[in-house]
Amino acid sequence: MNDKTLTKIILDIVMMILFLIMIDPKNTGMTLHEVLGLSVAALFTFHIILNWSWVKSISKNLFNPILKTKPKLFYVTNVVSFISVMTIIATGIEISQVLFVSESAGISHSFVTVHKWVSYFCLGLFGVHIIMHWRFIINAMLKLFAALKAPALGKTAIVLGTVVLGVGLGVGLFYSQIASSTTADADRVRREPPSEPRKVQPSKTRENHQNNTVSTNNGKVYEYPTSTGQTTSIATDTNNAGTNVTLTDYLGKIFCNGCDKHCSLLALQCDKGTQQLQSAKTQYQQQYASTSLK
């Protein structure tokens, strides 16, 4: 067995393990999920480079009747896998919550759905890839175990193992730095004082202290939690300048990050997004409310 074949085997094993870890971001955490995603993208690119001569050869003879069906199936499977991985990377960057955070108000639920189901599809393609190459894999592993006594292959295995270990340590260090930075940013945000809510002329508001509600001339009422834990309702004048965003529109652009479902805050499917919903309502009141509670 030559060094290139050994590298391919180790590369495939590492990619499969990382992909299986990434399939459950709820338990691994979004930071590790995104870092491992970039790692798999880099390894997949390296995998293509190692097989580039085969890719060029099959591409030139894909429609040649002399070429057998099996290589064509391998080629089609690899092309679909490449498209799937690129789709996962693109949608992953779009919905990123750590490494590529967008300045927009929320995460597109469509991108989340595509990212999730294409990932499942790609995992199935990896399984098909293994099944199609199972004879090669078994023979290669048998030759690997039999040849480990050879000095050259033994040294190669040690070098590759060291490289894999180094990459793992580098990813771990990078993950620690990102986690520390994220924690520091969260602490800084918690220390910042809240902004003052906007006020309008008292003549445009009607207060009902008995029901803890505030209404304006458009008659729309929205609820948000108070410091006492009770539910308070507030209505805004969407016709006034700077307050043309309704609570429904505001919450409709924000998606829960409590789990991998990323539900809209307007349609939560569990209680993991309750705290984020209350926080979003408070932020809306601070930014867009036309009056303040007395």
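The values are calculated or read from the model by the stated rules, or taken from the named source; none is laboratory data. Since we're looking at a predicted model, the values are computed, not measured. Ideal geometry is used to build each Cβ from the backbone, glycine not excepted, and the neighbour counts take in all protein chains shown.
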The lone exception for Leu142 - which of (1) farther than 20 Å from Ile9 by Cβ; (2) assigned to a helix (DSSP H, G or I); (3) over 29 Å from the mean Cα position of the chain (by Cα) it fails: (1)
Residue in the range 241-294 that is modelled with the highest pLDDT, counting only those that are among the aromatic types (Phe, Trp, Tyr) and over 17 Å from Phe111 (Cα atoms): Tyr284
Failed item in (1) without any contact (Cβ under 8 Å) to a residue 24 or more places away in the chain; (2) out of contact with any Phe, Trp or Tyr (no Cβ under 8 Å at 6 or more places or on another chain), with Glu94 passing the rest: (2)
Flag if Lys26 is free of Cβ contacts under 8 Å to residues at least 60 places away in the same chain, of a type outside the set (A, V, I, L, M, F, W, C) and not assigned by TED's automatic domain parsing to the domain that holds Gly258: no
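Any residue at all in the range 34-50 that is within 22 Å of Leu6 (Cα to Cα), in the same structural domain as Ile88 (by TED's automatic domain parsing) and more than 24 Å from the chain's Cα centre (by Cα)?
There is at least one residue in the range 34-50 that is within 22 Å of Leu6 (Cα to Cα), in the same structural domain as Ile88 (by TED's automatic domain parsing) and more than 24 Å from the chain's Cα centre (by Cα).
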Residues of the range 78-129 that turn out to be polar (S, T, N, Q) and surrounded by fewer than 16 Cβ atoms within 10 Å (Cβ to Cβ), as a count: 4
Sole residue being modelled with pLDDT of 85 or more, part of a helix (DSSP H, G or I) and farther than 19 Å from Val80 by Cβ, chosen from Phe136, Phe111: Phe111
Residue match in the range 49-66 (condition: touching a residue at least 40 places away in the same chain (Cβ under 8 Å) and farther than 20 Å from Cys259 by Cβ): yes
Top-ranked residue in the range 1-32 [being among the hydrophobic types (A, V, I, L, M, F, W, C) and outside any helix (DSSP H, G or I); ranked as surrounded by the fewest Cβ atoms within 10 Å (Cβ to Cβ)]: Ile23
